[in-house]
Amino acid sequence: MLDYKALPKIELHAHLSGSISRQCLHEVWLLKKAADETDLQDPLIEMPPGKHDYDLKTFFPLFSSYIYNLVNDGPVLRYTTLSVLRDFAEDGVVYLELRTTPRAMPAVGLTEADYVRTILDTIAEFERSAEGKTLRTKLILSIDRRNNPTQARQVLALCKQFLGLGVVGIDLCGNPAVPLDPQLAPVFEDARCVPGLGMTLHFAEAECSGSDAELDMLLSWRPDRLGHVICVSERVRREIAGRKGIGLELCLSCNVHAGMVHGGFESHHFGEWWKAADAVVVLSTDDVGIFGSPLSNEYALAAQHFGLSRAHICGLIRKGLDVIFGGEEEKSRLRDILWKA
Ligand code: IMP
Ligand code: ZN
């Protein structure tokens, strides 16, 4: 049987805060508890190990009402980011595009720019260490659907500030139940005009964010990649299939555990897309800390449920290279690694 962990892999859709393991959150909680800095419940009780069936209603509040209250200062941001990087590296990921919503921490005097800088510094620190030798990580900054246009503009400004310093793209994320503010459109249209900045969008995650009107607007921003692509009409599906080279970040466990697709793994739309001629499908974890399935396991699941051979799996990983935002030098490094595997 193929050793999916040993196989070098690329991960393009992973949210920083959702990728923190429960064990790491527990360690943070122990430190904060000892310093009398938290009234929160132990993460191992709040999110029991083995519980992965968070749906769209229970998932998003986990961040605003729990995780963000634990990850609320610079040292913890560094500690949790290091832990996330270590977990991806140990799982055999050699290239990671981590995404995060810039978040100020006013109680400790940290601005949104400080937040981004802390993460980039932590990535650099990890890459200098022995355990970080093969993993290269880039950052995507997310605009949340609940952001107002001013906040969204601020994220774009941060993308420009840190472009070339580790930030490679912009994302639209957040609870699909929040209606999309059309006033965000000019921000993404401007982002499209920034040379070298990639664009990926959470796309049709649920019925409520899958209207043709919304999806036509998102597609008019000419994104490089789309995340999830679940609730699409036949017309939109054809439109995507016709966009040569578009990247599709598909997440098996997250979608199945959260009940976003019905009928289990076998009926996941990965089965329709992975052989598509023009689209580039990239298996991704989304929130491994919540849904508990590392990237190696996502590949194992794809092989198990869709009959992928070793050649299919390696082909899929190599094809993913075409849609990374990390630039030509990184592509060439990855070609060496992936074609030797
Ligand atoms: P952060 O941006 O690093 O703080 O990661 C957590 C944030 O990512 C959450 O507040 C969500 O807005 C966003 N997020 C995580 N998973 C999903 C998803 O599946 N769909 C949309 N947004 C998500
Ligand atoms: Zn996501």
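The values are calculated or read from the model by the stated rules, or taken from the named source; none is laboratory data. Predicted model only: the values in this text are computed from it and were never measured. When we count neighbours, we look across all protein chains shown, and the Cβ atoms used for this are built from the backbone with ideal geometry, even at glycine. With ligands, DNA and RNA removed, areas are computed over all heavy atoms of the protein, side chains included. Shrake-Rupley method; radii C 1.70, N 1.55, O 1.52, S 1.80 Å.
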Taking each pair of different alpha-carbon atoms in the chain once, compute 1/r for the pair, average those values, and report the inverse of that mean as the Kirkwood hydrodynamic radius in Å to one decimal.
-> 20.2 Å
Mean separation of Cα contacts under 8 Å (6+ apart) over length of segment 185-313, as relative contact order % | 19 percent
Once amide hydrogens are built 1.01 Å from N within the peptide plane, the residues lying 5 or more places from L248 or on another chain with amide H under 5 Å from its amide H are L226, V280, V281, V282
What Rg and what Dmax come out for segment 1-81 when only alpha-carbon atoms are used, in angstroms?
-> 14.7, 49
Hits in segment 263-306: amide N under 19 Å from the 7 Å Cα→Cβ extension of K244, namely 275-281
Cα convex hull of segment 234-330: mean projected area in nm², to one decimal?
-> 6.9 nm²
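Over the chain, give the accessible area per residue in Å² for a 1.4 Å probe, as an integer.
Values: 13900 Å² over 341 residues.
Accessible surface, normalised per residue, equals 41 Å².
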What number, in percent, do you get for the relative contact order of the chain if the mean sequence gap of Cα pairs under 8 Å and at least 6 apart is divided by its residue count?
-> 20 percent
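First measure r as the distance between the Cβ atoms of W339 and S64, then evaluate 1/(1 + (r/R0)^6) with R0 = 35 Å and state the FRET efficiency to the nearest 0.05.
0.20
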For a label point 7 Å from the Cα of D121 along Cα→C-beta, name the residues of segment 52-96 whose backbone N is under 19 Å from it.
-> 71-86
Segment 16-166: Rg/Rh from Cα coordinates, Kirkwood Rh?
-> 0.95
Where Lys and Arg each count +1 and Asp and Glu each count -1, what net charge lies around R333 among other residues with Cβ under 14 Å from its Cβ?
-> +2
Segment K275-R128, extension gain: residue separation times 0.36 nm, minus the distance between their alpha carbons = 49.1 nm
Percent antiparallel among DSSP beta bridges (both partners in the chain, rounded to 5) | 5 percent
Relative contact order [Cα under 8 Å, 6+ residues apart], segment 1-95, whole percent | 54 percent
CD proxy at 222 nm, helix term only [per DSSP H run n ≥ 4: -39500 (n - 2.57); per residue of the chain; nearest 500] = -12500 deg cm²/dmol
